[in-house]
Every structure is written in structure tokens, then in C-alpha cells.
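Read through the structure below, which is laid out as C-alpha cells, and then see the notes.
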Amino acid sequence: MRAWADGPDRRSSPISEDDRDVVVRRLQEVYAEGHLSHEELDERLHRALTAGTFGELGPALVSLLEDAGTTSTIAAVGGRIRRRGVWRVPRVLKVESALARVHLDLSRAVIEHPVVDIELYLGTGGARITVPRDAIVDVEGLRGGWRGPLYRPRRRSRSGGPRIRISGTMGLGRLRIRHAWR
């Protein structure tokens, strides 16, 4: 969501209905947390629902969007770090370990954000990540010391899937990424 505020090109970009839904949900959350008065909520909802471009949203709404995502950190010295089944994926997931093996299965996970950043900071342990079938994966921000990531992008990816951006540093372990079968 930080990309929403980046550069003049983005400010003139039209707002999609999905973007508008994210804005409305975030405003409702901020109001429920007590950070906005009822009048402020009405005014900002009106602005969000009538804006045609990101620039028309204004800096106040864009700053709310930047805070909309959550960041979670999973850390372990050794052993295994495993997430599978139905679990809620935060906007930014940091995984830190010196020796642990990591397995993240996002195939049945609840992914509420159009973009998910996974930051890996691993020493000698390897990592496996299973992404949803329609996910778009970006590993450009990942630095590996010994071996590069093992990933074969899907030939045909349906639009509408989440974008999974993987970054960070890996020591001696290897990252393996695969798409779920269904």
C-alpha cells in the first residue's frame, strides 16, 4: 500500500473498486479505534467514495492506508518454523532465525491484502513457501549467500491473485517456492 503514495504517476492513477473498499474498511477501523470523530468519518468517507484518482484522496487518507497493513514477526533460534492450514497472513511477515527450517503454506491461508511482503532473515536454515495457485511471486529483493531461490513461475496466472513479494537475506539455506495445485 505504500506504493499508493509513491510518485506523481500514482497520484493520477484511477482508483479501482478494490482500492476504494480498502479505504472504506480502513476508515471504519480507525473510527472504531476512536481515532476519528463521527463528523471526520463522514467527511473522509465522502472523499473516498467520490475520488476518481489517488491524488484526490488527499494525504490524510493515503497516510491511513499506509498504516492499514499489519506486521508480524516469527523468530526462532533453531528447530522449525511452520505455518499451514487456515491462518491469517499479515500485510508484512518477518521470519528471523539463525538455524531453523521454515515452511510457510499460504495455499489455504486467509490473505486480505493485495500485496503481501515476506521478509526472510535466515542463517543456515532453508525455507519452503507454498503460494496460492493464482499468486504472483516477486523474489527480486531476496539476497542469498550460497544458492539462489528455486522458483518456476506459472505459465498462466489468473489475474486477481495476491502479489507475494519475498525479500531479505538467506545465508547457507535455499528458498524453494511452489504454487499450490488448487
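The values are calculated or read from the model by the stated rules, or taken from the named source; none is laboratory data. Quantities reported herein were computed from a predicted structural model and do not represent experimental measurements. In this analysis, Cβ positions are derived from the backbone assuming ideal geometry, glycine residues included, and neighbour counts consider all displayed protein chains.
Quick notes on this structure:
Yes/no matrix, rows are residues, columns are (1) in contact with a strand residue (DSSP E or B) (Cβ under 8 Å, 6 or more places away or on another chain); (2) within 30 Å of A180 (Cβ to Cβ); (3) modelled with pLDDT under 85:
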| residue | (1), (2), (3) |
| --- | --- |
| Y31 | no, no, yes |
| L57 | no, no, yes |
| L61 | no, no, yes |
| T71 | yes, yes, yes |
| I81 | yes, yes, no |
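- Counting only strands (runs of 3 or more DSSP E) wholly contained in segment 94-144, the ones carrying 1 or more residues that are under 16 Å from T73 (Cα atoms) occupy 101-105, 115-122, 127-131.
- With respect to being under 17 Å from the mean Cα position of the chain (by Cα) and surrounded by fewer than 16 Cβ atoms within 10 Å (Cβ to Cβ), G160 fits the description.
- Qualifying residue in segment 114-137 (condition: modelled with pLDDT under 90, over 23 Å from G173 (Cα atoms) and not charged (D, E, K, R)): yes
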